[in-house]
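Participant: I'd like to ask some things about the structure below.
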Amino acid sequence: MEVTADAARRFLVSRHFLSPARSLSGLDGVLEVFRRLGSVQFDPVAVAGRNHDLVLHARVDGYEPVWCDELYARGDLFETTNKALSFILAEEFPWFRFSSGRKGRRFHQEALDENAAVAEHVLERIRAEGPLSSADFEQHAGATKNWFGAPENAVRSVLEAYTVFGVVGLARREGNVRYYDLVERLVPAASEIPEHEQLRYKLLSRYRAHGLLGAGGAGGTFARIADPADRKALHAELVESGALVPVAIEGLRGTRFVVADEVELLESPPPAAPSVAFIAPFDSLLWDTKLLEQLFGFEFVWEGFFQPAKRRWGYYVLPILFGDRFVGRIEPRIENGGVEVLGLWWEDGFDPHAVEGFDDALDEALAAYTRFAYAAA
């Protein structure tokens, strides 16, 4: 199918529940986001709110962080690796049981082999006592190395490895402390689905999360899904089965793909609503930075890992979406139970006072964020 650039923009903001922003409500609204996007990335940095909370805040009216925690605690959500550490619907876990973890299955299998006694002890205690964290065990300096080449706590290594192989899963979090339990207790109905089907489902999940990805993805969008040759074959299966539909966007090179259930919305997207949303830095809408530049005329660079002197904007900056356009950036901080805005930047050529409805929409977004910040503090 062929669509105009305008239609593609309106489609993306609509299917992301951002036209208007905060258009959903309550716990059902949170679950609707997960049903549409498939997964939401978790990030523990909370200077402006944790990433998954910001993603949900932009889409769910009155959202509070305890809502996601409640859904997690009652077993509606599950934590797994999907591109990065993410929340998914617990009912989808059987398709995510196969995981590559941080460094691939071979690395994590070696962690279990090299720390066999510790691994057996950890599993015996969890089986007997229920959910435990790495802090509930004595530290063991095993042979496994961390990212920096230093010995890693063997308990932490084997717990992560067990999650990769679907033996244990995350039962809950207390702050950033993870508690692990046996998968059969956490998701009793988790069936064994063939590895090939799991990989194909994961690839489809990335298209669900974004909405209009190309065959090769963008950046790390297809991270940890087989090797490039196998991904190409999986992608071909999804297209041949009709699960993905090829799309040509006016003025853009290359073919993109939409999930079959959203073809009708792409054909006739609604007009963009004049609302403002602050978009989390790891929101799946921002995954394809090339598309953002070509379709929205917006350059997005995550500067969190940059040295301060090399940042053009700031450490934890949120793009500002108005209707179907990115019009600026804001750098809020949640500190001492309140909100401080460290920076505010407008895109070249955008005058916030000259655009009808923008001031009111921004005031509404700031008020909503302030309510969220007080709940998050």
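Participant: Considering only residues that are in contact with a Cys (Cβ under 9 Å, 6 or more places away or on another chain) and outside any helix (DSSP H, G or I), which ones fall in segment 11-49?
Facilitator: Within segment 11-49, just 40 meets the criteria.
Participant: Any idea which of (1) at pLDDT below 95; (2) closer than 16 Å to residue 13 by Cβ; (3) among the aliphatic types (A, V, I, L, M) is the one residue 309 doesn't satisfy?
Facilitator: The number of the failed condition is (2).
A quick yes/no check of all residues on (1) touching a Phe, Trp or Tyr at 6+ places or on another chain (Cβ under 8 Å); (2) at pLDDT below 90; (3) under 14 Å from residue 171 (Cβ atoms); (4) outside any helix (DSSP H, G or I):
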{"site": "86", "(1), (2), (3), (4)": "yes, no, no, yes"}
{"site": "95", "(1), (2), (3), (4)": "yes, yes, no, no"}
{"site": "98", "(1), (2), (3), (4)": "no, yes, no, yes"}
{"site": "106", "(1), (2), (3), (4)": "no, yes, no, no"}
{"site": "111", "(1), (2), (3), (4)": "no, yes, no, no"}
{"site": "117", "(1), (2), (3), (4)": "no, no, no, no"}
{"site": "124", "(1), (2), (3), (4)": "no, no, no, no"}
{"site": "128", "(1), (2), (3), (4)": "no, no, no, no"}
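Participant: If the requirement is being touching a strand residue (DSSP E or B) at 6+ places or on another chain (Cβ under 7 Å) and either surrounded by fewer than 12 Cβ atoms within 10 Å (Cβ to Cβ) or in contact (Cβ under 8 Å) with a residue 60 or more places away in the chain (or both), which of these qualifies: 368, 354, 309, 376?
Facilitator: Numbers: 368 fails: touching a strand residue (DSSP E or B) at 6+ places or on another chain (Cβ under 7 Å); 354 fails: touching a strand residue (DSSP E or B) at 6+ places or on another chain (Cβ under 7 Å); 309 fails: touching a strand residue (DSSP E or B) at 6+ places or on another chain (Cβ under 7 Å).
After ruling out the rest, the residue left standing is 376.
One line per residue, one yes/no per condition, for (1) farther than 29 Å from residue 252 by Cα; (2) not aliphatic (A, V, I, L, M):
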{"position": "294", "(1), (2)": "no, yes"}
{"position": "305", "(1), (2)": "yes, yes"}
{"position": "314", "(1), (2)": "yes, yes"}
{"position": "330", "(1), (2)": "no, no"}
{"position": "345", "(1), (2)": "no, yes"}
{"position": "348", "(1), (2)": "no, yes"}
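Participant: A further question on this structure: Report yes if residue 161 is at pLDDT 85 or above, touching a Gly at 6+ places or on another chain (Cβ under 6 Å) and not β-branched (Val, Ile, Thr), otherwise no. Quick ask: steps written out before the conclusion?
Facilitator: On the way: at pLDDT 85 or above: yes; touching a Gly at 6+ places or on another chain (Cβ under 6 Å): no; not β-branched (Val, Ile, Thr): yes.
Answer is no for this residue.
Participant: Next question. Tell me whether segment 365-377 contains one or more residues that are under 21 Å from the mean Cα position of the chain (by Cα), of a type in the set (Val, Ile, Thr) and either modelled with pLDDT under 95 or not in a strand (DSSP E or B) (or both).
Facilitator: No, segment 365-377 has no match at all.
Participant: If you don't mind, there's one more thing I want to ask. Return the only residue of 169, 142 being assigned to a strand (DSSP E or B), at pLDDT 85 or above and of a type in the set (Gly, Ala, Ser). Can you show your working first?
Facilitator: Numbers: 142 fails: at pLDDT 85 or above.
Among 169, 142, only 169 is assigned to a strand (DSSP E or B), at pLDDT 85 or above and of a type in the set (Gly, Ala, Ser).
Participant: Among the residues of segment 323-330, are any within 25 Å of the chain's Cα centre (by Cα), at pLDDT below 95 and among the basic types (Lys, Arg)?
Facilitator: Of segment 323-330, the ones within 25 Å of the chain's Cα centre (by Cα) are 323-330.
Checking which are at pLDDT below 95 leaves us with none.
Checked segment 323-330: no residue is within 25 Å of the chain's Cα centre (by Cα), at pLDDT below 95 and among the basic types (Lys, Arg).
Participant: When the residues of segment 130-139 are narrowed to those that are closer than 30 Å to residue 92 by Cβ and either among the charged types (D, E, K, R) or not in a loop (DSSP other than H, G, I, E, B) (or both), which ends up modelled with the highest pLDDT?
Facilitator: Among residues in segment 130-139 that are closer than 30 Å to residue 92 by Cβ and either among the charged types (D, E, K, R) or not in a loop (DSSP other than H, G, I, E, B) (or both), the one modelled with the highest pLDDT is 132.
Participant: Also: Can you give me the number of residues within segment 340-377 that are in contact with a Pro (Cβ under 9 Å, 6 or more places away or on another chain) and over 21 Å from residue 275 (Cα atoms)?
Facilitator: Going through segment 340-377 one residue at a time, the tally reaches 4.
Participant: Of everything in segment 277-306, what is closer than 17 Å to residue 83 by Cα and buried (at least 16 other Cβ atoms within 10 Å of the Cβ)? Give them in sequence order. Show your work before the answer.
Facilitator: Filtering segment 277-306 down to residues closer than 17 Å to residue 83 by Cα leaves 280-289, 302.
Correct list: 280, 281, 282, 283, 284, 285, 286, 287, 288.
Results for (1) buried (at least 24 other Cβ atoms within 10 Å of the Cβ); (2) touching an Asp or Glu at 6+ places or on another chain (Cβ under 8 Å), shown as yes or no for each residue.
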{"position": "31", "(1), (2)": "no, yes"}
{"position": "44", "(1), (2)": "no, no"}
{"position": "63", "(1), (2)": "yes, yes"}
{"position": "76", "(1), (2)": "no, no"}
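Participant: Would you be able to tell me the number of residues in segment 335-351 that are among the acidic types (Asp, Glu) and either assigned to a loop (DSSP other than H, G, I, E, B) or surrounded by 15 or more Cβ atoms within 10 Å (Cβ to Cβ) (or both)?
Facilitator: Number of matching residues: 3.
Participant: Report whether or not residue 334 is touching a helix residue (DSSP H, G or I) at 6+ places or on another chain (Cβ under 7 Å), among the β-branched types (Val, Ile, Thr) and touching a residue at least 40 places away in the same chain (Cβ under 8 Å).
Facilitator: On the way: touching a helix residue (DSSP H, G or I) at 6+ places or on another chain (Cβ under 7 Å): yes; among the β-branched types (Val, Ile, Thr): yes; touching a residue at least 40 places away in the same chain (Cβ under 8 Å): yes.
Yes.
The values are calculated or read from the model by the stated rules, or taken from the named source; none is laboratory data. Predicted model only: the values in this text are computed from it and were never measured. Cβ: placed from backbone, ideal geometry, glycine included. Neighbour counts: every protein chain shown.
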